[in-house]
Amino acid sequence: DPRVASVSYTSKSQALARAQRMPGLPELADATESNPFPASLDVQLKSIDDVAGIDAMARDDGAVDPLYPTSYDRGAYQRIQAVLFGTAVAGFALLSMLGFVAVTVTINSIKAAIHDRRDEISIMQLVGAPRWMVRGPFVVEGAITGGLAGMAAGLVTFGLAMTGIAAGSGTFTQFAPGVTAAVAAVVGAMVFAAGLGLGSGSSLVSVRRHMEA
C-alpha cells in the first residue's frame, strides 16, 4: 500500500518491555503472572490522515484478530487532535502577546532614551553627523534588549524541553513525539532570533518615528 511508510513486527516480549516504560501499564503487567500484551505489527503511515482508511482495511482482513484488530481509537484520535489544536492556538496566542509586550516595551524605552538624549542628538544633527551615527546606538540598544529577552525565553524553552526529555519515555515523549535535544536547541535558537529581530525592528521603528517628530 503506498500509504504505508514501514511495517515492523513487535513480539510479546518486546510489547511487554515497551509497556514497562509507559505510565500506568507496568501495574497492569504486574497484576498477572503471564504476559498480557500480544504480538503486533506496527504500521507507520506517511500521512496521519490515512489512519482511518488503513484501520478499516485491516479490520476487513481475515488474518487479523476480530476481537482486537487494531489499536486505533477514532474518539481518542479526535480528542488528541483537539488537544493539540488547542495547545497550538494557546501557544500562538501566548507568543503573540509576549511579542506585543516586547515591542511595546522596546518602543517606549527607546522613546524615553531619545527624550533623555535630545540635546546630544540635536548637537550631532547640527554638526552634520550622518543618520546611522545618530540612530545606530538606539537600534543597537533595542537589539541588545530584545536579544537578552530572547535568550532568556530560549533558555527557558530549551530547559523545559530537556526536562521533559530527561524524564524518559513517559508522558512528555508520548504527547510530543519526535522532540529531541536537537529540536529543542533549534527552537531555543529560533526564540532567541525572534527576540533579536523584534528588538532591533521595534527600536528602528521607534527611532524613525520619534526623531522625525
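The values are calculated or read from the model by the stated rules, or taken from the named source; none is laboratory data. Note that this is a predicted model, so its numbers are computed, not measured. Here Cβ is always computed from backbone atoms with ideal geometry, including for glycine, and neighbour counts include all displayed protein chains.
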Legend entry - Close pairs from the stretch 20-42: first polar (S, T, N, Q), partner at pLDDT 70 or above, Cβ under 6 Å, at least 6 apart: Asn35/Lys12; Asn35/Leu16; Ser40/Thr10
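Looking at the stretch 98-132, which of the residues that are part of a loop (DSSP other than H, G, I, E, B) and surrounded by 12 or more Cβ atoms within 10 Å (Cβ to Cβ) is nearest to the chain's Cα centre (by Cα)? So that I can check it myself, show each step before the final result.
Going through the stretch 98-132, the residues part of a loop (DSSP other than H, G, I, E, B) turn out to be 117, 127-130.
Okay, now just the ones that are also surrounded by 12 or more Cβ atoms within 10 Å (Cβ to Cβ), so 117, 129.
On the way: Arg117: 41, Ala129: 45 Å.
In this case the residue turns out to be Arg117.
Mind listing whichever residues of the stretch 163-213 are of a type in the set (A, V, I, L, M, F, W, C), surrounded by fewer than 13 Cβ atoms within 10 Å (Cβ to Cβ) and either modelled with pLDDT of 70 or more or part of a helix (DSSP H, G or I) (or both)? Give the steps one after another, and end with the answer.
So the first thing to find is which residues in the stretch 163-213 are of a type in the set (A, V, I, L, M, F, W, C), and the list is 165-167, 172, 175-176, 179, 181-187, 189-194, 196, 198, 204-205, 207, 211, 213.
Keeping just the survivors that are surrounded by fewer than 13 Cβ atoms within 10 Å (Cβ to Cβ) gives 166-167, 181-182, 186, 213.
Those that are of a type in the set (A, V, I, L, M, F, W, C), surrounded by fewer than 13 Cβ atoms within 10 Å (Cβ to Cβ) and either modelled with pLDDT of 70 or more or part of a helix (DSSP H, G or I) (or both): Ala166, Ala181, Ala182, Val186.
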Legend entry - Matching residues, the stretch 1-49, being part of a helix (DSSP H, G or I), at pLDDT 75 or above and surrounded by fewer than 13 Cβ atoms within 10 Å (Cβ to Cβ): Ser13
